[in-house]
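Novice: There's a structure below that I have some questions on.
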Amino acid sequence: MGFFSKDIKTMDDLFVHTLRDIYYAENQIVKALPEMIDKASDQELKNGFEKHLQETEMQIERLEEVFKLHGVDVAGVNCPAIDGILEEADDVSGEVDDDRVLDAALIAAGQAVEHYEITRYGTLVAWAKQLGRNDCAALLQQNLQEEMNTDKALTAMAESRVNAAAA
Ligand SMILES: [Fe+2]
Ligand SMILES: [Fe+2]
């Protein structure tokens with residue numbers, strides 16, 4: 001985004017900007033997940049993060065398809081929000097000594113990431129439809145669904161076992 005000129009003029013520009021925001025975010029998430037997999041002790045949590053890493057790689061491919069369908073360059077823009085969420089996750093998990101408490105912290109950090117993604121994809125699906133891009137909306141909806149499923153799976157792990165083990 002330019003400092004001296006306003007680069008976002010239309011709804012279409014805003015859609016593309018937000019697409020680039022989530023594209024950057026997904027790429028940061030792919031870099032962060034291996035460490036979260038490594039730190040998790042609970043086997044189901046480890047597997048859950050592993051599965052979501054594979055899904056995230058696929059999500060990036062879907063986003064690249066959306067850029068192509070929409071006829072714009074595949075590119076990211078800095079997203080300070082996801083950088084902050086991941087940085088905080090890293091800071092907090094670095095402070096936790098007990099493995100079981102660390103699992104609870106990792107779930108909380110993972111859910112902060114998923115909720116960020118859910119808000120972005122929810123907006124992008126609505127805007128794609130508004131712009132007459134149902135083809136893009138369908139791909140974005142698949143990513144949204146995976147984020148919502150991941151969020152629910154993390155809640156289930158926390159409430160059924162991890163929180164109790166940590167307490
Ligand atoms: Fe994602
Ligand atoms: Fe996600």
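No lab work stands behind these numbers, since they all come straight from the coordinates. All values derive from a computational prediction rather than experimental measurement. Ideal geometry is used to build each Cβ from the backbone, glycine not excepted, and the neighbour counts take in all protein chains shown.
Novice: Would you give the gap between the C-alpha center of the range 71-106 and the C-alpha center of the range 122-157, rounded to a whole Å?
Specialist: Rounded to whole Å, the Cα centres lie 21 Å apart.
Novice: Of the cross-linked pairs Lys31/Lys68; Lys9/Lys129; Lys46/Lys152; Lys51/Lys129; Lys31/Lys129; Lys68/Lys152, which ones have a Cα-Cα span greater than 26 Å in the structure shown?
Specialist: Long pairs (Cα-Cα over 26 Å): Lys51/Lys129; Lys31/Lys129; Lys68/Lys152.
Novice: When only DSSP loop residues count, what chymotrypsin sites (Phe, Trp or Tyr not before Pro) in the range 1-107 have their Cβ near at most 15 other Cβ atoms within 10 Å?
Specialist: Phe3, Phe4
Novice: Under DSSP H, which helices of the chain have Cα atoms covering 27 Å or more of the helix axis and a Kyte-Doolittle average no less than 0.5?
Specialist: Passing helices, by number: none.
Novice: Can you tell me how the chain classifies by the Cα gyration tensor, rounded, prolate or oblate, using a/c under 1.5 as the rounded cut?
Specialist: prolate
Novice: Using +1 at the Cβ of each Lys and Arg and -1 at the Cβ of each Asp and Glu in the chain, identify which of Ile8, Ala108, Asn149 lies farthest towards the dipole's positive end.
Specialist: Towards the positive end, the residue furthest out is Ile8.
Novice: Could I ask something else about it? Fewest Cβ neighbours within 10 Å first, please rank Val72, Val113, Val16 accordingly.
Specialist: So the ranking, lowest neighbour count to highest, is Val72, Val16, Val113.
Novice: Ok, one more. Say the dipole of the chain comes from +1 at the beta carbon of Lys and Arg and -1 at that of Asp and Glu; which of Tyr121, Gly71, Ser160 then lies farthest toward its positive end?
Specialist: Gly71
Novice: A further question on this structure: Treating only the Cβ atoms of Lys and Arg (+1) and Asp and Glu (-1) as charged, compute the dipole magnitude of the range 1-124 about its Cα centre; round to the nearest 20 debye.
Specialist: Here the size comes out at about 640 debye.
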